[in-house]
Amino acid sequence: MCGIVAYIGHRNAKPILMEGLKRLEYRGYDSAGMAILEGTTGRLRTDRAVGRVAMLEEKLEGRQEFEGTLGVAHTRWATHGGVTEANAHPHRDDRHGLVLIHNGIIENYAALKTYLQEKGHRFTSETDTEVLAMLISELYEGDLESAVQGALREVTGAYAIAVICEKEPDTLVVARKGSPLMVGIGQGEYVVASDASAIVAHTTQAFALDDYNVVKLTRSSLSTSDIHNTPVTPKVTQLEIDLQEIELGGYTHFMLKEIFEQPKALRACVSGRLDIREGRVVLGGLAAYAKELTKTRRIVLTAQGTALHAAMIGRYMIEDLAKVPAQTEYASEFRYRNPVIEEGTVVIAVSQSGETADTLAALHEARERGALALGVINVVGSTIARDTDAGVYLRVGPEIGVASTKAFTGQVTALSMITLFLARKRLMSADQCADLMRELDQVPDKIQRILDQAQRIARITERYIERENWLFLGRGYNYPTALEGALKLKEISYIHAEGMPAAEMKHGPIALINEGMPAVFIANRGRQYDKVMSNIQEVRSRGGHVIAVATEGDEQIARLAQDVIYVPDVAEPISPLLTVVPLQLMAYYAAVARGHDVDKPRNLAKSVTVE
Ligand code: F6R
């Protein structure tokens with residue numbers, strides 16, 4: 001949802017900003033722009049380009065006027081206004097020579113625009129952001145920080161912004177509410193960005209802004225306040241991201257890298273948390289709430305997209321193994337539907353980024369109504385992580401590919417550990433718990449065995465890539481896996497796919513099946529294996545082509561399905577950790593074969609920080 005990066009210091013800003021934009025491009029890639037205070041003239045130079053950051057880079061190549069040590073840059077995911085150069089950031093004011101970049105949405109922009117037009121401001125874009133630039137300009141009386149504070153007192157909505165002004169060549173002002181922003185502290189320089197990936201190459205000392213924080217940076221000082229100018233003390237921490245984790249490292253795409261990283265990522269996720277000898281899960285983040293959790297009467301898991309699919313698997317596990325009533329719900333629905341939260345309800349927000357606007361709002365709603373709020377989050381220190389009472393980090397490393405893969409398996413792994421933590425305290429014996437933990441511990445090696453078949457999975461996929469409609473079918477624990485397989489295929493290969501419980505097919509969707517239509521069945525051995533076999537027969541007898549994900553050693557299925565991808569045997573509750581991997585690979589290879597940019601699927605952006 002837009003990436004922003006800003007620099008003030010003693011080095012040439014352009015390459016730092018350009019590099020930052022490339023790192024943040026996964027957050028949006030409709031257009032990009034940069035503004036630099038030219039060193040020799042003190043004038044602000046701005047340029048923008050529709051399309052990828054590479055287009056902007058080409059446009060700025062060799063331009064001397066973009067030499068300077070103060071600048072801001074932006075990569076956009078369009079919300080208000082079409083994808084045009086005029087709507088690209090940075091946005092300029094019309095009076096004082098100031099520019100602004102913004103991630104978020106100014107909700108009351110229409111009323112503010114009318115007011116500003118009456119004051120004589122002339123707008124050149126359709127964006128809500130330009131309104132904020134003009135409002136700061138309107139309030140500017142020689143002090144940029146105070147004009148920014150004043151303007152932010154007037155706006156509603158979400159923002160992470162960076163502002164510079166020709167009249168204050170030694171000042172960069174940044175602020176946040178709702179959208180993430182971090183300040184990296186270097187030697188006589190500061191790099192500000194939407195996330196740590198654009199900072200870590202320059203410094204590992206950083207702090208995340210809290211809502212309503214306004215930070216004024218000069219080349220030699222930093223001061224933080226809120227929008228009412230009350231001083232705030234930032235909490236500086238050490239960034240723990242390794243540069244290698246955010247580089248392609250020989251892979252063609254981040255998505256492929258992240259699929260292949262899953263064994264390592266899941267080892268990190270469980271490391272130190274499975275005490276198999278004692279038959280107990282060690283989750284430091286939950287220890288303080290163990291009593292409340294044991295007594296919980298209901299668990300609500302809320303999330304969006306892939307994270308919701310992981311949550312659905314979590315729900316099945318919690319009810320099945322810990323015997324606590326559980327439900328899942330789209331955060332976007334939960335937050336607005338006046339949900340009933342009884343005493344003893346625990347809400348678990350599941351999110352890779354920890355910044356998804358709907359998930360954050362659902363969490364706030366639940367806390368407001370008295371629920372204990374837990375997070376299953378990947379990004380350390382993210383907004384949701386900070387706003388929960390407690391939680392479990394995924395520890396799977398940064399996920400850059402827009403299509404979520406290792407975060408999904410990390411979420412399912414974390415939810416299995418939470419389930420066992422709870423189940424052990426309520427009813428499960430140490431031996432039962434140890435058995436499941438042993439299974440969980442072996443998952444990384446088993447995933448590796450699936451990854452070793454990647455080339456074969458690519459060949460199977462390529463046979464079907466001309467087909468525009470696919471079905472993904474599964475039952476029980478693998479019904480959410482079917483949803484996830486369909487989502488992966490849709491979002492990067494633009495093939496229409498539907499995921500559903502295999503038994504649901506007969507209630508309507510079976511009418512879709514025609515000669516050669518691919519139907520991917522998750523048909524691993526489990527409680528409903530025989531039922532899934534019948535569903536496969538139903539599809540075959542109507543001409544559908546069945547691609548089955550089955551358990552190693554299952555020979556019966558080879559007689560029914562056109563193609564079979566085998567996965568190792570594993571305890572049923574955690575089987576989605578294996579069965580999803582072939583589906584991730586199929587989506588990847590389908591998108592590559594259809595010539596799509598896998599890491600930057602059209603219309604999408606990672607981390608949806610607007611409603
Ligand atoms: C799909 C995908 C999205 C996210 C969803 C929630 O591949 O990545 O569906 O899962 O936008 O994002 P987080 O997990 O960051 O809250």
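Values in this text are rule-based calculations from the coordinates and carry no lab data. Bear in mind the structure is a predicted one, so any value in this text is a computation, not a measurement. For neighbour counting, all protein chains shown are included, and Cβ atoms are generated from backbone atoms with ideal geometry for every residue, glycine included.
What are the lysines whose alpha-carbon lies under 17 Å from the alpha-carbon of K14, with same-chain residues fewer than 8 places away excluded?
Output for K14: K22, K59.
Could you grab the relative contact order for segment 163-210? Cα pairs under 8 Å, six or more apart, rounded to a whole percent. Please list the in-between numbers first.
Details: 63 pairs, mean separation 16.5, N = 48.
Relative contact order, segment 163-210: 34 percent.
Neighbour counts of other C-beta atoms within 10 Å: give me I492, I450 arranged from fewest to most. Intermediate values should be presented prior to the final figure.
Values: I492 27, I450 24.
Listed from fewest to most nearby Cβ atoms, that is I450, I492.
For segment 453-598, what does the equivalent ellipsoid look like in terms of its semi-axes, each the square root of 5 times an eigenvalue of the Cα gyration tensor, given largest first in whole Å?
Equivalent ellipsoid of segment 453-598: 21, 18, 14 Å, largest first.
What is segment 288-391 by shape, rounded, prolate or oblate, if you read a ≥ b ≥ c off the alpha carbon gyration tensor as root eigenvalues and call it rounded for a/c under 1.5, prolate for a/b larger than b/c, and oblate otherwise? Before the final figure, lay out each step's value.
Details: a/c = 1.28, a/b = 1.26, b/c = 1.02.
Since a/c stays below 1.5, the shape of segment 288-391 is classed as rounded.
What dipole magnitude, in Debye to the nearest 20, does segment 251-448 give about its Cα centre under +1 on Lys/Arg Cβ and -1 on Asp/Glu Cβ?
360
Counting other beta carbons within 10 Å of each residue's own, what order do S146, S404 fall into, fewest first?
On the way: S146 17, S404 27.
Ascending number of Cβ neighbours within 10 Å: S146, S404.
Could you tell me which trypsin sites (Lys or Arg not before Pro) in segment 172-240 are loop residues by DSSP with no more than 14 other beta carbons within 10 angstrom of their beta carbon? Don't jump to the answer; show the numbers that get you there.
On the way: sites: R176, K177, K216, R219, K235; in loops: R219, K235.
Sites meeting the loop and neighbour criteria: K235.
Return the Rg/Rh value of segment 251-448, two decimal places, where both radii are evaluated on C-alpha atoms and Rh is the Kirkwood radius.
Ratio of gyration radius to Kirkwood radius for segment 251-448: 0.95.
Which angle between 0 and 90 degrees, to the nearest 10, do you get for helix 430-451 versus the longest principal axis of the chain when only C-alpha atoms count?
The answer is roughly 70 degrees.
Quick check on the chain: of the DSSP beta bridges with both residues there, what percent are antiparallel, nearest 5%? Don't skip to the answer; put the middle values down first.
Numbers: 60 of 101 bridges.
Percentage antiparallel, nearest 5: 60.
In percent, what relative contact order does segment 251-448 have, based on Cα pairs under 8 Å that are 6 or more apart in sequence?
Details: 372 pairs, mean separation 62.0, N = 198.
This gives 31 percent for segment 251-448.
Along the charge dipole of segment 3-245, Cβ charges K/R +1 and D/E -1, which of A160, H228, G9 sits furthest on the positive end?
Going by the Cα projections, it comes out as G9.
Taking amide hydrogens as modeled 1.01 Å from N in the peptide plane, which residues meet the under 5 Å criterion relative to L301, leaving out close sequence neighbours?
When sequence neighbours closer than 5 places are left aside, the close amide H contacts are Q327, T328, E329, I348.
In the structure shown, do any of K323/K490; K177/K406; K406/K490; K490/K600 have a Cα-Cα gap over 25 Å, and if so which?
Values: K323/K490 34 Å; K177/K406 29 Å; K406/K490 18 Å; K490/K600 13 Å.
Table pairs above 25 Å Cα-Cα are K323/K490; K177/K406.
Only counting other Cβ atoms within 10 Å, I'd like M255, M1, M428 sorted with the fewest neighbours first.
Details: M255 28, M1 25, M428 22.
Listed from fewest to most nearby Cβ atoms, that is M428, M1, M255.
Mind putting a number on the dipole of segment 453-598 about its Cα centre? Charges go on the C-beta only, +1 for Lys and Arg and -1 for Asp and Glu, and I need it in Debye to the nearest 20. Working shown, then result.
Numbers: 15 positive and 17 negative charges, 33 e Å.
Value, rounded to 20: 160 debye.
Can you give the Rg to Rh ratio of the chain, both from alpha-carbon atoms, with Rh computed by the Kirkwood formula?
On the way: Rg = 25.4 Å, Rh = 25.4 Å.
Rg divided by Rh gives 1.00.
Can you check what the Kirkwood hydrodynamic radius comes to for segment 18-123, Cα pairs only, in Å to one decimal? All intermediate terms of the calculation are to be shown ahead of the outcome.
Working: mean 1/r = 0.0683 Å⁻¹.
Result for segment 18-123, one decimal place: 14.6 Å.
Which loop-located trypsin sites (Lys or Arg not before Pro) does segment 307-364 contain, where loop means any DSSP state but H, G, I, E or B and the Cβ has at most 16 other Cβ atoms within 10 Å?
In loop regions of segment 307-364 (DSSP not H, G, I, E or B), the sparsely surrounded trypsin sites (Lys or Arg not before Pro) are K323, R337.
Check each of the trypsin sites (Lys or Arg not before Pro) in segment 103-153 and keep only those in coil by DSSP with at most 16 other C-beta atoms within 10 angstrom; list them in order.
Numbers: sites: K113, K119, R122, R153; in loops: K119, R122.
Counting only loop positions with at most 16 other Cβ atoms within 10 Å, the trypsin sites (Lys or Arg not before Pro) in segment 103-153 are K119, R122.
If a/c stays under 1.5 just call it rounded; otherwise compare a/b with b/c (prolate if a/b is bigger, oblate if not). Do that for segment 3-245, with a ≥ b ≥ c from the square roots of the Cα gyration tensor eigenvalues. Kindly include the intermediate steps, with their values, before the conclusion.
Working: a/c = 1.37, a/b = 1.14, b/c = 1.20.
Because its axes are fairly even, with a/c under 1.5, segment 3-245 counts as rounded.
Any idea what the dipole of the chain comes to, in debye rounded to 20, about its Cα centre with Lys/Arg Cβ at +1 and Asp/Glu Cβ at -1?
Values: 67 positive and 78 negative charges, 231 e Å.
The dipole magnitude comes to about 1100 debye.
Per DSSP H run of at least 4 residues, take -39500 (n - 2.57); add these up for the chain, divide by its residues and hand me the 222 nm value, nearest 500 deg cm²/dmol. Write out the running numbers ahead of the final one.
Details: 20 runs with 214 residues, N = 611.
Mean residue ellipticity, 222 nm, calculated: -10500 deg cm²/dmol.
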